[in-house]
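> Please read through the structure below; I'll follow up with questions.
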Amino acid sequence: MGCTFSGLNALYDSTNVGGDVWINENRFKIVRQLGEGGFAYVYMVKEAIPDSSSASAGGLANKVKDPSHLSDDGTYAMKKVFIQSNEHLEFVREEIRVSSLFNHRNLLPLLDHAIISVQPTQQGSWNHEAYLLFPVHLDGTLLDNSKAMSAKNEFFLPQMFCKYFGRQLCAGLQHMHSLEPPYAHNDVKPGNVLITRRKGETPLTKLMDFGSARPARKQIRSRSEALQLQEWASEHCAAPFRAPELWDCSSHTDIDERTDIWSLGCTLYAIMYGVSPFEHALEESGGSLQLTIANAQKNGQLDPNRSIPKHFTNS
């Protein structure tokens, strides 16, 4: 799985602004860094195509099946991952494979990718790099927007919450859950939901980051399997949004896509109230996030100045 790199001249200086990156046969110029985390960096890049008068002529346009995924001005988001072990390499390959399964307007599409071999440094660090290309969404994530609004004592309107965010996230997850076999995202949270706002158009939300997405249905039939699942979940599923069965898994149980439904509920709650339903346990002396989630003890001390419809507060 994975592709070889076809532009070796970009190998070592590709993180510099203005530098060139080749993803297979297509060349991109780095515009600026958008974010970073772990061993990954995200950049805005602009495609360098033979006919610069049209962003849709040649290049990536010949490869992407859905023309709606193409940028009008040739700009995209590129995720660069430094891979330090064979285990990490397989994880990235699985992310690429799984991302390629989905085709839905509320799921971020993977447009192209490349995995290249890199000569190790004297310290013996990473020996592979991965480049993943996506549409760019500069309005940020729901987490970014929620923080910015909270700083101004502003919040999402319930109508926008229901009509746009809730409905669209449900549609994206339904697509994943309807595959054969069903896939679970496993890390639904505000930081993994992109927003796009365009004048005169309905706000669009897209669920992203499928590094933790796996077949949803698992049969657990031993204590060893239960512990392995709990350990995996602790590494790949954000704690405040993690379903109870992933915190304390029974030795004989069936896990399915309902873990995403729990995370979705926590995500929508966090969008509406500005805080996830169980994080209050982290601020309490002796508080346990695991026990709070297991007992469904959601936060009861919300901002009294918030105007929230009763059908939200009673849910």
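> What pairs come up if the first residue lies in segment 137-155 and is charged (D, E, K, R), the second is crowded, with 18+ Cβ neighbours inside 10 Å, and their beta carbons are under 7 Å apart, counting only those six or more places apart or on different chains?
Correct list of pairs: ASP139/ILE195.
> So, of the residues in segment 209-232 that are acidic (Asp, Glu) and in contact (Cβ under 8 Å) with a residue 12 or more places away in the chain, which turns out to be nearest to LEU246 (Cα to Cα)?
So, considering only residues that are acidic (Asp, Glu) and in contact (Cβ under 8 Å) with a residue 12 or more places away in the chain, the one nearest to LEU246 (Cα to Cα) is GLU225.
> Of GLY287, GLY274, which residue is at pLDDT below 80, within 20 Å of the chain's Cα centre (by Cα) and in the same structural domain as MET176 (by TED's automatic domain parsing)?
After applying the criteria, what remains is GLY274.
> Sort through ASP254, ASP187 and tell me the only one that's in the same structural domain as GLN290 (by TED's automatic domain parsing) and assigned to a loop (DSSP other than H, G, I, E, B).
That would be ASP187, the only listed residue that is in the same structural domain as GLN290 (by TED's automatic domain parsing) and assigned to a loop (DSSP other than H, G, I, E, B).
> May I pose another question? Tell me, which residue of segment 57-104 that is outside any helix (DSSP H, G or I) and without any contact (Cβ under 8 Å) to a residue 12 or more places away in the chain is nearest to TYR131 (Cα to Cα)?
Filtering segment 57-104 for residues that are outside any helix (DSSP H, G or I) and without any contact (Cβ under 8 Å) to a residue 12 or more places away in the chain, the one nearest to TYR131 (Cα to Cα) comes out as SER100.
> Tell me whether segment 212-223 contains one or more residues that are part of a helix (DSSP H, G or I), assigned by TED's automatic domain parsing to the domain that holds VAL193, at pLDDT below 95 and surrounded by fewer than 17 Cβ atoms within 10 Å (Cβ to Cβ).
Within segment 212-223, none of the residues are part of a helix (DSSP H, G or I), assigned by TED's automatic domain parsing to the domain that holds VAL193, at pLDDT below 95 and surrounded by fewer than 17 Cβ atoms within 10 Å (Cβ to Cβ).
> Let me ask you something else. Regarding GLN159, is this residue in the same structural domain as CYS266 (by TED's automatic domain parsing) and at pLDDT below 90?
yes
> Given the conditions (1) in the same structural domain as ARG105 (by TED's automatic domain parsing); (2) modelled with pLDDT of 95 or more, which single one is not true for GLY124?
Unmet for GLY124, out of (1) in the same structural domain as ARG105 (by TED's automatic domain parsing); (2) modelled with pLDDT of 95 or more: (2).
> Would you check if PRO240 is assigned by TED's automatic domain parsing to the domain that holds LYS147 and in a loop (DSSP other than H, G, I, E, B)?
No, not satisfied.
> Provide a single number: the residues in segment 17-44 that are at pLDDT 90 or above and closer than 28 Å to GLY191 by Cβ.
Count: 14.
> Follow-up. Sort through SER54, SER14 and tell me the only one that's assigned to a loop (DSSP other than H, G, I, E, B), closer than 29 Å to GLU235 by Cβ and either modelled with pLDDT of 95 or more or among the small types (Gly, Ala, Ser) (or both).
Going through SER54, SER14 in turn, just one is assigned to a loop (DSSP other than H, G, I, E, B), closer than 29 Å to GLU235 by Cβ and either modelled with pLDDT of 95 or more or among the small types (Gly, Ala, Ser) (or both): SER14.
The values are calculated or read from the model by the stated rules, or taken from the named source; none is laboratory data. Small disclaimer: the values here were computed from a predicted structure and weren't measured. Here Cβ is always computed from backbone atoms with ideal geometry, including for glycine, and neighbour counts include all displayed protein chains.
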